[in-house]
Each structure stands twice: as structure tokens, then as C-alpha cells.
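S.K.: Pasting a structure here, questions to come.
Read the figures in this text as sums done on the coordinates, not as results from a lab. Fair warning: this is a prediction, and the values are worked out from it, not measured in the lab. Note: ideal-geometry Cβ built from the backbone for every residue, glycine included; neighbour counts use all protein chains shown.
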């Protein structure tokens, strides 16, 4: 029975990881592109310059293609806690997790989905000002939605505002739950990630058009807006990511120790930039490594002489507290996830900074080498986000709720390996298909010329003779 | 009324809202292969639900979220127990969601036909399975003493639960036709009315059979008195009869109101039969989940009650507003004679 049960756990974990990482490929672009589209529409509203309207429609289409999959895959996430993790769902059943999810659906997602629908189809149905308000309301709601989801997730990382009664975590303070400093940091981190997604994608798409010398004047504006957002956001993100790391150090020491492959407690601690070997307890010393002295102490504790606990010491402490077992996440994966994410973060800042410098020198639309880099860089925020979640979630293992419930004890007893295996296979196939189609569509629409004013569905400024035509058709573009 | 009972009612209301709203957009999806004569009319049908289907599906997200928050044990047992059914629903809904967004993103008849078909399959399948799933709450599934589902996928299929799925498909198809009758003009509108007439009697009979059987199941499986369920079933029956009468009388607005009330009645009858249970256990009735043993802690219920008191009325206001914004009928030329049809076609060509 035991190997069978562990198969259900493994399959359920693999399914949750696959579906949530996939979901999060679409979420941050919505978080970032929605306000950027709102800003572009506001600029059009203020200046009556048709260029901004064309850009609004152009990037609005990308936003909608992306949003559709975000919604569809979000439903899977909401169902999956009950379907695959019923013991977990019962354990958190005193409001600590279900309440933020319910609040999210009622107070944020409902607003976001309804108003985005109105925005898509509402161009000719209301005043320009009211129509502008709908995209801002939708954008704001996506940010509130992200907060509530991260409140729920942060409770798993750093439980607050609860007491355990009869084996169930009961909410005792909604104030503590909502003001969990973990959630605040995670939210800032995710919102910045969203804005970086939005602006890096906008920059890359603009550069694609520069490279082909198409719509250059129009995409100069888009690139400028993207750079105005990307430069400060990537810079702030480096510092917020750092602060977040310090919070993790105090609440989830194991996660940080693993992501640094720090086997033994150190003081002061150097930050390892790169190492070969040193990823297992049998082989704790890397054969090759490049280390910056004292940097880890500063990053993890804020002091250049701070103490960071090692994996071996933490393992001993946890065994004392929670009984025998392995309390270490997978060190090598954590180490490289952390570095991939952080290095891509730095790379995106450098790209944004160089882009801004080129823009100031009026060379952005000519610098073909930079344009090629910027197009490739569209992949960077995606990769960074994937590894960010691997770090966050796998770094918490073996716990599903830090120090309260183990992942291995949380799965649905009524599911079998065959069931979960089937659903996993089905999700992987469906998601791959959706991913391919989505990629083709996004690429196709990113390469189109933005629609001309006067085409069907171009909004209040345009004469729209045929109101029947789908407002987002770009026929003839 | 205790908070537990209040949340039981609220969840019934949210499911009712979901059936009322998504019911007609599912129905429009089901009618896609039969109603439109050309691509333009298919486009009109998509446009009639385009601005609102996403807002309609929100009600499902709220139903699941509210169940998790208010009755975590219900959420845990139902979602893990109905694993395969919910997996299928998710797949069907995902395919349907993307069909809306992707259908118009490329030209080419095969692309459009594929996604139109995807929408229809998603609508039909999800409707059947939601009918089946909700009927199972009352019909009962095997639970052990820790409320863990001990049955399998096929335990969810019985004559009663399958009838629920079929009756719901017929009802939503009718609901969709009566929605199109008040949202379109011309040929399409006339054909929607005709389709509604053709379906109405069958939908009514299936609906009445279902609600009547529900009262019996509630009595036999859930030891409920006949009266409370029968009362709601009677109102639903009246709504179904009204739907037939108004459809034949060509009173489209009233017909839509009647099919909407029938969709609400479908949910209300099940929930009236269910209380105070939320998930009946069969054969071991004692293992059933009830509003009290499945409920969340009192404090958590208080918090979400406050949130609901603010955001449910707000939701009703802004969603009503979206229906007001998109109230204009779609489609053109009210074609009644072949001559007029030719005139209409030539007018389109010159335009």
C-alpha cells in the first residue's frame, strides 16, 4: 500500500506543479499588460492621438488571447485543491485558505472578467470615458485578485492568524491573514514581475517591428512606454527579490539553505555565483566555485556579518521538533532555480537600461543587434517565473503547509494512481496543444500591422458603419 | 437563521445564478450546429453571448470558492469524489473558453468549423455533467465514516442522475433559444422562436419528470418530507408550463423569463430536497455531510458573510449594467418573404 500511496502523492504533485506553472505563464502578462493597455488608452483619451488608439487595440488583442487561457487554466487550479488534495482542503477548512479564495472570486475575479468582457465589446456602446474606466477597473481587479491568491499561498509558506482545533487550522484573525508580510512581499514581487512581463514583451514586439522597419514611428511610442516601465521595475525587483529572500530566511530557513547549497551554518557567509558539485550531504564541498564574500550574509539577514543556518543543522533541529524524516528540499534544483531566476532578473535590467540609453541617443530603431536581443528576451520573464515558483513551492517540501502538514499526508484518499495518472496525461496533452496554438496566435497578432483608424471596431473615434462585425476583427489590416 | 443555513442558501443562489446565466450561453452553444444558415449568423450567435459569457462563468468560480470557504468538507469530498466528472467538465469548459477567443482569430472555414464545434461539444457536455453532478448530491454517493468517497466513476450514473443531465440539456437548449429570440432580429430570431417551440414541450416534460422524481428521491434517500421539495418542484413545473405557453404565444420576453425561472427551479428543487444535508451518503446514510458537520468555523463564516453582503449586491448591479449596455438586438433585415430576402442580400452587396 505504501508505494502505491506515494505514487498518488507524486502524480498529484506533478500535476499541481504542471498546471500551476502553466497557469502562471499567462497570469503575469495579464497583470502587466492590462495596466499598460489602460495607460495607452488613457494617452489616447487625453491627447486624441490616433497612434495610441492603434497601439491600445494592438496590445489589447494580445492581452485578450492571453487572458482567455489564464481564465481557463485558473478554473483548474480552483478545482484541484478539492480534487487532489482533499485532506489538505479539510485541514485548511477553517477559513485560512478557502476564505481568501472565495474573496478573490467574489471581489476581484468577478469584476475582472465582467469588465474585461465589457471592454472588448463595449467600444461602440458607451461614452469613451466610461469605456476607459472599464479597462482600468479590470486592471485594478487583476491586482487585487493576485493579492488574495498570494494571501492564500503565503499562508502555506508562513501560516499566521490561526489556531489548530481538532486537527483543523481555524482562522482567528482576518487582519493577520490579510496583512501577512509574506503576502505583501510576494504580491509586490509578483506585480513587479507582471509589469516586467508586460514591458519586456512590449519592447520585444516593438523591436520585431523595428527590425523589419515596419510601423517604426508607432512602435517607438510603444518602446518608449515599455522602457519607462521596464527600467525602474527591473531595478526595484532586484531589491524586492532580495528583501523577500530575507523574509524567507527567517520563516523557511531550509528553503534558503537549500537554494544556496549551504550545508553548514556560516557566519559570515559568501554568496556562491556558480559551483560544480557540493549538492549532496555526501559531497558537501564543491570542486569548483566562484563565491562573493559576505554577500549571502547581507542578502539573507541585512548584515554583512549575519549568520545563515546550514542544511545539516536545520535537518537536526527539524527532526527534533517534528520527528524522523528528511526535511531537505532538493538542493541542486533549488540552487540552480535561484540562480536562473536572479540572473535573468539582472539580465532584464541590463537590457532595459541599454534600451533606454539607445532610445535617448535615438538609436533604438537602428540598433539591430539590440533588437535581436530584445526579441529573445521575451522568453526571459517566462523562464524566471517558472523557476521562481519551483523555488517557492519545492523549497517548502516536505511540507504542504510549513511546519503544520506534510505534502505526503495531504492527498485525496479516494483518488488512485490510475485516476491521477489519467488526469495528468490529459492535462499535459491539452495544455501542450493550447500552448502551441496560443503561441502561434500570439506571434501572428504580434506581427500584424496595428489596425488603421476607421476600420470596423476601431472605437468611438471611427465611423463604424457595420456594428455587427466582431469588434476585434482586423480584417483588411 | 444560522450562518451555516445562510451559506447553504447562498450557495444555492450562486448555483441558480450560474444555471440562469451560463444556461443560456450553453444553450446558444448547443444550437450552433442547427440554427444558423451561414457564417454571418454563426457570428451573430457568438456575438450575442460574447460580451457576457465570461461574466456568467464567474458564478461557477464563486460557487466553488464559496463552497471551499463555507463548507470545506463538502468541497473536499465532492471534488475528490467526483474526480473524473469534474476533470471532464474542466476539459470541456477549457475547450469552450478558448473557442470564444480563438474562433475569430484566423480565417479559413476549417478553423472556424473546428472551434464552433468545440463550443457546441463543450456546452453540451458540461451541461450534462453539471446536471449529473448536482443530482448526485441528493441521490447519494457511498461515503465512509470520515466522509471519504468510496465509490467509483460509474456510481455517479443512475437513471435519476442521467435524467437530470438530459433534462438540463433540453432546458438549456430551450433557454438559449429563448435568449436568442430576445437578442436577435430577422431570420435568425424567427428560427430561434421556431426552435424554441419545437423543443419546449419535450424540455417541459423532461423538466417536470426530473423535479417530481427529485421530490421522491429527497423523501427516500434523504428522509425529507415530501412537502418542501414538492412545493419548489411545483413552482418549477409552473415555470416550465409557462415557458411552453409563452413560447407558443410568441411572447418572447415572458418565455425567456419562464425558462430562466425554470433553470433556477432546477437548482432550487435539488437544494430544497437536500437541506440540511449537503451531500447525501448512500447506502450509509449516517455518513452524510450536513450543513453543520461540513461547515467552516463560525469566525470564518462571519468574515465571508460580510464580504458577500458587500460584493454580491455589487455583482448584481454591474452585471445587470452589462446586460443593459448590450441590450440592442443583433442582426439585420427582418426578412419575411423570399423577395425581401433577395433585396436584403443585394443591399448587403452594395453596402
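S.K.: If each residue's Cβ is checked for other Cβ atoms within 10 Å, how do A:423, A:416 rank with the fewest at the top?
M.R.: Numbers: A:423 26, A:416 16.
With the sparsest Cβ surroundings first, the list reads A:416, A:423.
S.K.: By average Cβ neighbour count within 10 Å, what is the ranking of A:344-356, B:151-163, A:74-86 from highest down?
M.R.: Numbers: A:344-356: 19.7, B:151-163: 15.5, A:74-86: 24.3.
Output ranking for A:344-356, B:151-163, A:74-86: A:74-86, A:344-356, B:151-163.
S.K.: Now, a different point. Percent relative contact order of chain B, based on C-alpha pairs within less than 8 angstrom and at least six residues apart? Let's see the in-between values first.
M.R.: Working: 522 pairs, mean separation 84.5, N = 351.
Relative contact order for chain B comes out at 24 percent.
S.K.: Using all Cα-Cα distances in region A:8-112, what percent lands in each 5 angstrom bin from 0 up to the longest?
M.R.: Result returned by the calculation: 2, 11, 16, 17, 16, 12, 9, 6, 5, 3, 2, 0.
S.K.: What order do you get for A:265, B:259, A:73, B:269 when you list them from fewest to most C-beta neighbours inside 10 Å?
M.R.: On the way: A:265 16, B:259 34, A:73 24, B:269 29.
Listed from fewest to most nearby Cβ atoms, that is A:265, A:73, B:269, B:259.
S.K.: Size of region B:160-261 along its principal axes in angstrom, Cα-based, largest extent first?
M.R.: 51, 23, 17
S.K.: On to the next question. Please report, to one decimal in angstroms, the Kirkwood hydrodynamic radius of region A:49-156 built from all distinct Cα-Cα pairs.
M.R.: On the way: mean 1/r = 0.0644 Å⁻¹.
It works out to 15.5 Å.
S.K.: A further question follows. Averaging over all projection directions, find the projected area of the Cα convex hull of chain B and quote it in nm² with one decimal place. Provide the component values of the computation, followed by the final result.
M.R.: Details: hull surface 72.5 nm².
Projected over every direction and averaged, the Cα hull of chain B covers 18.1 nm².
S.K.: Just checking the output field for A:421-432: average partner chain Cβ neighbours within 10 Å of each residue's Cβ?
M.R.: Details: counts 0, 3, 7, 0, 0, 4, 4, 0, 1, 5, 1, 0.
Across A:421-432, the average partner-chain Cβ count within 10 Å equals 2.
S.K.: How high is the relative contact order of region B:133-267? Use alpha-carbon pairs under 8 Å, at least six apart in sequence, and give a whole percent.
M.R.: On the way: 156 pairs, mean separation 33.9, N = 135.
Relative CO of region B:133-267 lands at 25 percent.
S.K.: Moving on. Over all pairs of distinct alpha carbons, what does the Kirkwood formula give as the hydrodynamic radius of region B:199-327, in Å? Can you show the working numbers first?
M.R.: Details: mean 1/r = 0.0586 Å⁻¹.
Kirkwood radius, region B:199-327: 17.1 Å.
S.K.: If you find the alpha carbon centre of region A:56-132 and of region A:344-369, how far apart are they in angstrom?
M.R.: Here the answer is 34 Å between Cα centres.
S.K.: Between the alpha-carbon centers of region A:135-155 and region B:127-170, tell me the distance in whole angstrom.
M.R.: Value for the Cα centre distance between the two parts: 34 Å.
S.K.: Also: Helix A:216-251 versus the longest principal axis of chain A: what angle, 0 to 90°, nearest 10, using Cα atoms?
M.R.: That works out to roughly 10 degrees.
S.K.: Please work out the Cα convex hull volume for region B:73-211 and give it in Å³ per residue. All intermediate terms of the calculation are to be shown ahead of the outcome.
M.R.: Values: hull volume 18.5 nm³, N = 139.
Cα convex hull per residue, to the nearest whole number: 133 Å³.
S.K.: What are the semi-axes of the equivalent ellipsoid of region A:227-322, taken as the square roots of 5 times the eigenvalues of the Cα gyration tensor, listed largest first and rounded to whole Å? Spell out each step's value before the answer.
M.R.: Numbers: eigenvalues 135, 58, 29 Å².
Whole-Å semi-axes of the equivalent ellipsoid: 26, 17, 12.
S.K.: Express the C-alpha Rg of region B:222-281 as a ratio against the empirical globular expectation 2.2 N^0.38 Å, rounded to two decimals.
M.R.: Numbers: Rg = 13.8 Å, N = 60, 2.2 N^0.38 = 10.4 Å.
That works out to 1.32 for region B:222-281.
S.K.: Related question: Expressed as an acute angle from 0 to 90° and rounded to the nearest 10, what is the orientation of the C-alpha long axis of helix A:50-84 relative to the principal long axis of chain A?
M.R.: With rounding to tens, the tilt is 30 degrees.
S.K.: Separate question: Taking each residue in B:319-328, count the Cβ atoms of any other chain within 10 Å of its Cβ, then average. What number comes out?
M.R.: Values: counts 4, 0, 3, 8, 0, 1, 8, 5, 1, 3.
For peptide B:319-328, the averaged partner shielding equals 3.
S.K.: Restricting attention to the alpha-carbon atoms of chain A, what are Rg (one decimal) and Dmax (integer), both in Å?
M.R.: Values for chain A (Cα only, Rg and Dmax): 23.9, 75 Å.
S.K.: As I understand it, the value is the acute angle between the Cα axis of helix A:181-211 and the longest principal axis of the Cα atoms of chain A; what does it come to in degrees, rounded to 10?
M.R.: Helix A:181-211 and the main axis of chain A meet at about 40 degrees.
S.K.: Ranked by Cβ crowding within 10 angstrom, fewest neighbours first, how are B:39, A:365, A:104 ordered? All intermediate terms of the calculation are to be shown ahead of the outcome.
M.R.: On the way: B:39 12, A:365 21, A:104 27.
Least crowded to most crowded, the residues run B:39, A:365, A:104.
S.K.: From other protein chains only, count the Cβ atoms within 10 Å of every residue's Cβ in B:298-307, then give the mean. Write down the numbers at each step before the final one.
M.R.: Numbers: counts 3, 8, 13, 4, 3, 9, 9, 0, 1, 6.
Going residue by residue through B:298-307 and averaging, the value is 6.
S.K.: Follow-up question, since we're still on this one. Above 36 angstrom, tally the Cα pairs of the protein assembly as shown and express them as a % of all pairs, no decimals. Present the calculation step by step, with values, prior to reporting the outcome.
M.R.: Working: 166856 of 342378 pairs.
Result for the distance tail: 49 percent.
S.K.: Now for a different question. How large are Rg and Dmax for region A:152-280 when only the alpha carbon atoms are used, in Å?
M.R.: 20.9, 67
S.K.: Where does the Debye-calculated log10 I(q)/I(0) of region B:1-123 sit at q = 0.09, 0.13, 0.19 Å⁻¹, using only Cα point scatterers of equal weight, no solvent?
M.R.: Reported log10 I(q)/I(0), two decimals: -0.32, -0.60, -1.02.
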